[in-house]
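The structure appears right after this line, and notes come after that.
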Amino acid sequence: MNKKDLEFLKDLTEAPSPSGYEAPAAELMRTRLKPAADSIQTNVLGSVHALLAGKGAGHSVMVAGHIDEIGMMVKYIDDDGYISFDSIGGIDAAILPGMRVDVHATGGNKKTLLRGVMGRKPIHLIDPDERKTVTKMDKLFIDVGLPAKQAKEAIRIGDPIVYGVGFECYGDGFAVARSFDDKIGVWIAARVLEELKKAGGAQGDYIAAGTVQEEVGLRGGITSAYGVDPFIGISVEVGHATDYPSIAKTSYGEAKCGAGPIIARGPNINPVLFERLVAAAEKAKIAYQIGAEPRATGTDANPIQVSRGGKVAGLISIPLRYMHTPTEVLKLSDLEDAVKLLTRFILDLDDTIDFTPK
């Protein structure tokens, strides 16, 4: 991955954007795609839609990555300056004690980044029976190291909180960050637009969508699918890698980091689209994996499929270790292969292709 693309990925993952607070990441997407897109619109929810106009007769394609991440929110500040909080999306309470966090404070009509520490009684002071259970979030608190008056002046109720960690490359082509779910989808959708532009454009319109509020109910996917109204809609997501200890392949299938993007197959996926994505991967000579999805996928592919009179829906996933933790891990080569796969698929499209299942 070249330096410019790696910096874009780093900036996206480090931009604070819990569901409902996606503006920083959305601005990065708009800035990156301004030179390549024919138009960029942001809807009233905050989802970004960058259009590359088609040059002929072809099906319109929207590739969507959700731009929000899981996080937390300030609920209460006590008289000693300690913060009570609640989760935004699927936070695992078991990993929180001792975690460093960033509070994006907005008190006093100014924005302030405050380092916080997730506090709890030390293990020495916890009763033996309590040690056997996960400490509930309402028993945790955030210490920002400020006197109560100063904390209450700087922080407002509802201010967002994210894990206080950044992006890092490590090992043999791996990277770790707190929010690959789903900044990688935004990165891939944007990179596909740039590659299509470089190739002279596709036959039909292409829309790179950064959807909001996926982690709290697929809301951006619902409204973008309806508002953009593409013929084909493909969600790009993270999927559970099963290449590390304790994950049963008999229950969750096999998915390896570095073995290529996962092409989903199941009732949420148009079967003709699935076969064409497989054919595109083989034509582009990239590795790919197949993921069995026997029910609704829990991604933006859900609302895309049933929008208006129904859409040609697909799902491409990047194998990810340790999802919804501060240390999500993936292989960078899988991202680049997903860009090649989708670019090839879209360049081969025209309006003669029938996606009706037979």
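The values are calculated or read from the model by the stated rules, or taken from the named source; none is laboratory data. On a predicted model such as this, the values are computed, not experimentally measured, just so you know. Methodologically, a virtual Cβ is constructed for each residue, glycine included, from the backbone with ideal geometry; neighbour enumeration extends over all protein chains shown. Accessible surface is based on the protein model in full, side chains and every heavy atom, while ligands, DNA and RNA are left aside. Shrake-Rupley method; radii C 1.70, N 1.55, O 1.52, S 1.80 Å.
Just a few scattered comments:
To keep it simple, each residue is scored yes or no on (1) over 26 Å from GLU69 (Cβ atoms); (2) of a type outside the set (A, V, I, L, M); (3) out of contact with any helix residue (DSSP H, G or I) (no Cβ under 7 Å at 6 or more places or on another chain).
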site	(1), (2), (3)
LEU196	yes, no, no
GLY204	yes, yes, yes
VAL216	no, no, yes
ALA225	no, no, no
PRO230	no, yes, yes
ALA241	no, no, yes
TYR244	no, yes, yes
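- For segment 132-153, the set of residues classified as touching a Ser or Thr at 6+ places or on another chain (Cβ under 9 Å), of a type outside the set (Val, Ile, Thr) and either open to solvent by less than 20 Å² (accessible area, probe 1.4 Å) or not in a helix (DSSP H, G or I) (or both) consists of LEU140, PHE141, listed by residue number.
- Flag: SER224 matches the condition of being farther than 19 Å from GLY58 by Cα, polar (S, T, N, Q) and part of a helix (DSSP H, G or I).
- Members of segment 99-131 found to be closer than 26 Å to HIS324 by Cβ, in contact with a helix residue (DSSP H, G or I) (Cβ under 8 Å, 6 or more places away or on another chain) and either in a helix (DSSP H, G or I) or aromatic (Phe, Trp, Tyr) (or both), listed by number: ILE123, ARG131
- Scan of segment 227-246 for residues that are open to solvent by 20 Å² or more (accessible area, probe 1.4 Å) and either in a helix (DSSP H, G or I) or modelled with pLDDT of 95 or more (or both), ordered by number: GLY227, VAL228, ASP229, PHE231, HIS240, ASP243, TYR244, PRO245
- Residues of segment 166-191 classified as among the acidic types (Asp, Glu) and open to solvent by 30 Å² or more (accessible area, probe 1.4 Å), total: 2
- Pair list, Cβ under 6 Å, 6 or more apart: segment 81-100 residue in contact (Cβ under 8 Å) with a residue 60 or more places away in the chain, other residue of a type in the set (S, T, N, Q) and open to solvent by less than 50 Å² (accessible area, probe 1.4 Å): ILE88/SER19; GLY89/SER19; ILE95/THR325
- Subset tally (residues that are closer than 25 Å to VAL117 by Cα and over 18 Å from the mean Cα position of the chain (by Cα)) for segment 170-182: 0
- Any hit, segment 170-185, residues being aromatic (Phe, Trp, Tyr), more than 24 Å from LYS55 (Cβ to Cβ) and without any contact (Cβ under 8 Å) to a residue 12 or more places away in the chain: yes
- Among the strands (runs of 3 or more DSSP E) confined to segment 271-339, the ones with at least 3 residues that are within 24 Å of GLY89 (Cα to Cα) are located at 312-320, 328-331.
- Residue that is most open to solvent (accessible area, probe 1.4 Å) [pool: residues in segment 192-226 that are touching a residue at least 40 places away in the same chain (Cβ under 8 Å) and among the basic types (Lys, Arg)]: ARG219
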